[in-house]
Amino acid sequence: MATRLFPATLFGVIVVVGRFLHPATLAEEPRSPGDAACRWKTVEGIKIPIPPPERPRLYPRAAEARKAKKRLAHPALDAAVRRLDRLARRGAARFPLAVKGLLQTGLAARDRFSEGEISPHGVLVIAGRLAAQLERVVDGRFTHQGNRRLAKFLKNHLGEVFAYLRHPGMAATNYRGEQAIRPAVVNRKVWGGNRAWHGAWTQSVIMSAIGTCILRNIEPFAFLVEALTSPTPVRLAPPPP
């Protein structure tokens, strides 16, 4: 009989992977103005966000958190959990733990700045120092394949990791951007995508306008009708070749 992975089981996998390989996901507690609606609570020793009114189904439920430890004992996950535990106890864990420390230091600096304990110049200095330390951390030779991938990714985005310290009010994660493109991803899966690049460009313009209207509490259909029938339309740049 085929093994079936329930949502709570998958949630348990995310917790384990986040704990050992991607600790920044669990370390982040949104406190910037853009994330003010997100609050956190601890359920059975696991910290989960309290779902905000906007798209609450994207967040884990308390019932899933309570069952997470039990789901980790599932036969399909036992080998993966033991392997992650071994990795966390060996030298391969030093690199992700070092990255985790830098990320947590950046989040702590953001919180201190928001509370008025650090000046704007001071937080910029901290951002520069953390970026330099991260550059030294990733500039090494790694034998573990996962560490090599993570180091390569961080090298390509060194200027973006601590961007939220250089731009106060900016969220430390891009999860809101990921959520914003979900409707387009769902549409693509439903109809299979656009047949031409011009159609894809047209869809991107219309969906961007609809998304902006939703964020600004404007009725999208009325706005599009007004924009498309206006005697003085705004000419957009042509689609890319």
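The values are calculated or read from the model by the stated rules, or taken from the named source; none is laboratory data. Computed from a predicted model, the values in this text were never measured in an experiment. Glycine gets a Cβ as well: all are built from the backbone with ideal geometry, and neighbour counts include every protein chain shown.
Which of the following residues is surrounded by fewer than 15 Cβ atoms within 10 Å (Cβ to Cβ), at pLDDT 70 or above and either within 30 Å of Pro168 (Cβ to Cβ) or touching a helix residue (DSSP H, G or I) at 6+ places or on another chain (Cβ under 6 Å) (or both): Lys100, Lys41?
Lys41
List pairs: first residue in region 59-79 and of a type in the set (Asp, Glu), second residue modelled with pLDDT under 75 and surrounded by 14 or more Cβ atoms within 10 Å (Cβ to Cβ) anywhere in the structure, Cβ distance under 7 angstrom, at least six positions apart or on different chains.
Every condition considered, the pairs that remain are Glu64/Ala8; Glu64/Phe11.
Kindly provide the set of residues from region 145-169 that are buried (at least 17 other Cβ atoms within 10 Å of the Cβ) and not in a helix (DSSP H, G or I), ordered by number.
Scanning region 145-169 gives a single hit, Phe162.
Just checking, does region 210-228 include any residue being within 20 Å of Ile181 (Cβ to Cβ), touching a Leu at 6+ places or on another chain (Cβ under 9 Å) and in a helix (DSSP H, G or I)?
Yes: one or more hits.
Just one of Ala108, Ala76 is over 18 Å from Ala171 (Cα atoms), of a type in the set (Gly, Ala, Ser) and part of a helix (DSSP H, G or I); which is it?
From the options Ala108, Ala76, the qualifying one is Ala76.
Residue under question is Pro183, and the condition is that it be part of a helix (DSSP H, G or I) and not β-branched (Val, Ile, Thr); does it hold?
yes
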